[in-house]
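Report on the following structure.
The values are calculated or read from the model by the stated rules, or taken from the named source; none is laboratory data. Because the structure is predicted, anything quoted here is derived from the model rather than measured. So basically every Cβ, Gly included, is an ideal-geometry build from the backbone, and we count neighbours across all protein chains shown. Quick note on the areas: whole protein, heavy atoms, side chains included, nothing else; ligands and nucleic acids left out. Shrake-Rupley method; radii C 1.70, N 1.55, O 1.52, S 1.80 Å.
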Amino acid sequence: MDNSEKQIDKKERAKERREKRRQEISLIRSIPYSDHQRWWSAETVAVVTGANRGIGFEIAHQLALHGLTVVLTSREIAVGEESAKVLQEGGLKVVFHQLDVIDQESIDTFCSWIKENYGGIDILINNAGFNNNIGSENSVELAEKVITINYIGTKNMTKAAIPLMKPNTAGARIVSVSSRLGRLNGRKNRISDDALRQQLEDVDSLSEELIDGTVNKFLEQVKDGSWTTGGWPQNNTDYSLSKLAVNAYTRLVARELADRPEGEKIYVNCYCPGWVKTAMTGWAGQVTPEEGADTAIWLSLLPDMRISGKFFAERREIHF
Ligand code: NDP
């Protein structure tokens, strides 16, 4: 077998594995949670950011189908209300509130509203995201916007939500929608500076300053034009780095929250939804938004949750 045949063979096998896992998950999803597994109720409050469309909308939809109260949020009021209406008309317990994850005033207004009306949050899904490139394009023209929405937005919401997370024997949960593109040790797409990679990999040396410093250095290089030789991820550079920052921040927050007492635990994890047919990919992905939402639902509802600071895909832990 020559090299190109080997490549095709490898791709075929990867495709078969993907398809097998897809079928397994579809089977598992058809088994309802039993009464003793259902730690949640109609009073359990899940907040989803960027839920007016795509994966966020499906996460809101599926959590509501499981019987939770879902707060569907979006930055545009009219489209958010319209999306919430679709779910409400299906008899689901879904309410809408405006929320722009990069606007502190909007976050503060949202947090006061949720505290007053629901007493807090049980589950936060950081889904809002942006990518300026489709496929193999690699423009960094909107790098600042990409980093701000994906990383700073996730950080803003996580910080704002932690004091609002309700005490609960099953543990409150924060799930961030990330991407395999942000993996530290991806074979084809990674930071080439070994020392920086090791620092970002070591959970004990992780700090907000280190993560902020890394993304800021990239943004400075974007401004002075030197980013192409800066050793940054090669594929969807700004987006990959923003998700790498989300992943690192997930581990950092999980470490910081690890010592909370029983009954006040907050589990913080992130996951990759796969390559999903949404506006972000020009509807070119491999899986539906419903499938892309699945691991978020699984992490949100997992009974006997003890996992924090981990990265998942297709309901399995993967390497950061
Ligand atoms: P969409 O582009 O369909 O949805 C993105 C959502 O984020 C929209 O609702 C958008 O709102 C919202 N959003 C953007 N900026 C803000 C903001 N400042 N405040 C609040 N909401 C905002 O993409 P997907 O559904 O595909 O993406 C959802 C998440 O999944 C993202 O985090 C993405 O990075 C991640 N992901 C997606 C993959 C895919 O293959 N599709 C793969 C890996 C990760 P508006 O409509 O107003 O723009």
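Contact annotation: residue pairs with Cβ atoms under 9 Å, 6 or more positions apart or on different chains, pairing a residue in region 106-121 that is on the phi > 0 side of the Ramachandran plot with a partner that is open to solvent by less than 10 Å² (accessible area, probe 1.4 Å), are Gly119/Val45; Gly120/Val45; Gly120/Ile114; Gly120/Ala161; Gly120/Ala172. For region 102-125, filtered to residues that are part of a helix (DSSP H, G or I) and in contact with a strand residue (DSSP E or B) (Cβ under 8 Å, 6 or more places away or on another chain), the residue that is nearest to the ligand (Cβ to nearest atom) is Ser106. Against the definition (open to solvent by 10 Å² or more (accessible area, probe 1.4 Å), at pLDDT 95 or above and not acidic (Asp, Glu)), how does Ser112 come out, yes or no? So Ser112 passes the test. Restricted to strands (runs of 3 or more DSSP E) entirely inside region 45-101, those with at least 2 residues that are touching a residue at least 60 places away in the same chain (Cβ under 8 Å) and within 15 Å of the ligand (Cβ to nearest atom) are 45-48.
When region 1-28 is filtered for residues that are free of Cβ contacts under 8 Å to residues at least 12 places away in the same chain and aliphatic (A, V, I, L, M), the ones remaining, listed by number, are Met1, Ile8, Ala14, Leu27. Looking only at region 274-309, residues that are under 20 Å from Leu68 (Cα atoms) and either in a loop (DSSP other than H, G, I, E, B) or not polar (S, T, N, Q) (or both) come to 15 in all. Considering region 248-268, the residues that are of a type in the set (Lys, Arg) and in a helix (DSSP H, G or I) include one that is surrounded by the fewest Cβ atoms within 10 Å (Cβ to Cβ), namely Arg255.
Evaluate the following for Tyr271: is it open to solvent by less than 60 Å² (accessible area, probe 1.4 Å), in contact (Cβ under 8 Å) with a residue 60 or more places away in the chain, farther than 28 Å from Ser136 by Cβ and not in a helix (DSSP H, G or I)? Judged against the criteria, Tyr271 is not a match. In the condition set (1) among the small types (Gly, Ala, Ser); (2) over 27 Å from Arg315 (Cβ atoms); (3) within 16 Å of the ligand (Cβ to nearest atom), Gly182 is compliant with all but (2). Checked against the criterion of being touching a helix residue (DSSP H, G or I) at 6+ places or on another chain (Cβ under 9 Å), open to solvent by less than 20 Å² (accessible area, probe 1.4 Å) and at pLDDT 95 or above, the candidates Val177, Val222 yield just one match: Val177. If only residues of region 152-174 that are within 11 Å of the ligand (Cβ to nearest atom) and surrounded by 24 or more Cβ atoms within 10 Å (Cβ to Cβ) are counted, the one that is nearest to Tyr249 (Cα to Cα) is Thr154. If the condition is being touching a residue at least 60 places away in the same chain (Cβ under 8 Å), in contact with a helix residue (DSSP H, G or I) (Cβ under 8 Å, 6 or more places away or on another chain) and open to solvent by 20 Å² or more (accessible area, probe 1.4 Å), then region 289-309 contributes Pro289, Glu290, Glu291.
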